[in-house]
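The values are calculated or read from the model by the stated rules, or taken from the named source; none is laboratory data. As the structure is a prediction and not an experimental result, all values here were calculated from the model. Backbone-built Cβ (ideal geometry, glycine too); neighbour counts: all protein chains shown.
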Amino acid sequence: MRKFLVYFFLVWALVVVAGVSIMGLRGGISRKPPLEVFPDMDRQPKLRPQTVAGFAGFADGKSSRLHPAGTVSREAARDLDEVATGKKADGSFVDASPVAVTAELVSRGRERYDIYCAPCHGLAGDGNGFTTQFGMAAVAKLHDERLIKMADGEIFNTITHGKNLMYPYADKLVPRDRWAVISYVRALQLSRLGKKEEVPDAVRATLK
């Protein structure tokens, strides 16, 4: 029994020494390549994108193809003006949309709104989207006085960067589409809060 205990402690001591020796080198600086037990395909033969590598798969020898014309957005490449940022030169928010509001723009805004905004804010902008059925209660009502008085540039900024529980939508809506959504939001607000006297005579007769 005593011999067994001696062997046991000797093996245990060797394991401890080996473990400390190996683990103690973690974080150390060395010019030698690290010892890799499982390289996990960190280094493997491959072709760099858009390089001439004598690749036989394409006639020009390049390793990959360029994107088809018109498939890469160039919105972010232009200067950061009011259309792209929603802000003036002094950093304050623009009061009104710098994009001309047309029927086509509002129609585009409605389409984008129904896809990205209506699930939370509701089709009517009353904050009663279908996400409320799953316990999401803190949804802004677009007809609140605070949002009616909010500058278009600030709404643009919220769509771009998100706010509170709202995620940013810059990766889903290019700047012009964000302004289109804002134009439709203003139309929703006007439809709820507008006065009968503000409706043109030709249209007023069709109101119920």
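Name, by its number, the condition in (1) within 15 Å of ARG176 (Cβ to Cβ); (2) at pLDDT 90 or above that does not hold for ARG74.
Tallying (1) within 15 Å of ARG176 (Cβ to Cβ); (2) at pLDDT 90 or above, ARG74 fails exactly one: (2).
For residues that are within 20 Å of GLU104 (Cβ to Cβ) and part of a helix (DSSP H, G or I), tally how many sit in region 156-188.
16
Filter region 144-203 for residues that are of a type in the set (S, T, N, Q) and surrounded by 13 or more Cβ atoms within 10 Å (Cβ to Cβ); which is farthest from PHE93 (Cα to Cα)?
Start the filter on region 144-203 by keeping residues that are of a type in the set (S, T, N, Q), which leaves 157-158, 160, 164, 183, 189, 191.
With surrounded by 13 or more Cβ atoms within 10 Å (Cβ to Cβ) added as a condition, the list becomes 157-158, 160, 183, 189.
Values: ASN157: 8, THR158: 11, THR160: 13, SER183: 16, GLN189: 20 Å.
The selected residue is GLN189.
Report whether or not LYS149 is over 25 Å from VAL72 (Cα atoms), within 17 Å of the chain's Cα centre (by Cα) and without any contact (Cβ under 8 Å) to a residue 12 or more places away in the chain. Walk me through it before giving the result.
On the way: over 25 Å from VAL72 (Cα atoms): yes; within 17 Å of the chain's Cα centre (by Cα): no; without any contact (Cβ under 8 Å) to a residue 12 or more places away in the chain: yes.
Here the answer is no, as LYS149 does not meet what is asked.
So, in region 127-139, how many residues would count as being surrounded by 15 or more Cβ atoms within 10 Å (Cβ to Cβ) and either aromatic (Phe, Trp, Tyr) or touching a His at 6+ places or on another chain (Cβ under 7 Å) (or both)?
3
Among the residues of region 86-139, which ones are of a type in the set (A, V, I, L, M, F, W, C), in a loop (DSSP other than H, G, I, E, B) and either over 17 Å from TYR169 (Cα atoms) or at pLDDT 95 or above (or both)?
ALA89, VAL94, ALA96, VAL99, ALA100, VAL101, LEU123, ALA124, MET136, ALA137, ALA138
Within region 119-162, can you find the residues that are small (Gly, Ala, Ser) and farther than 15 Å from ARG192 by Cβ?
Filtering region 119-162 for residues small (Gly, Ala, Ser) gives 122, 124-125, 127, 129, 135, 137-138, 140, 151, 153, 162.
Answer for region 119-162, where residues must be small (Gly, Ala, Ser) and farther than 15 Å from ARG192 by Cβ: GLY129, GLY135, ALA137, ALA138, ALA151, GLY153, GLY162.
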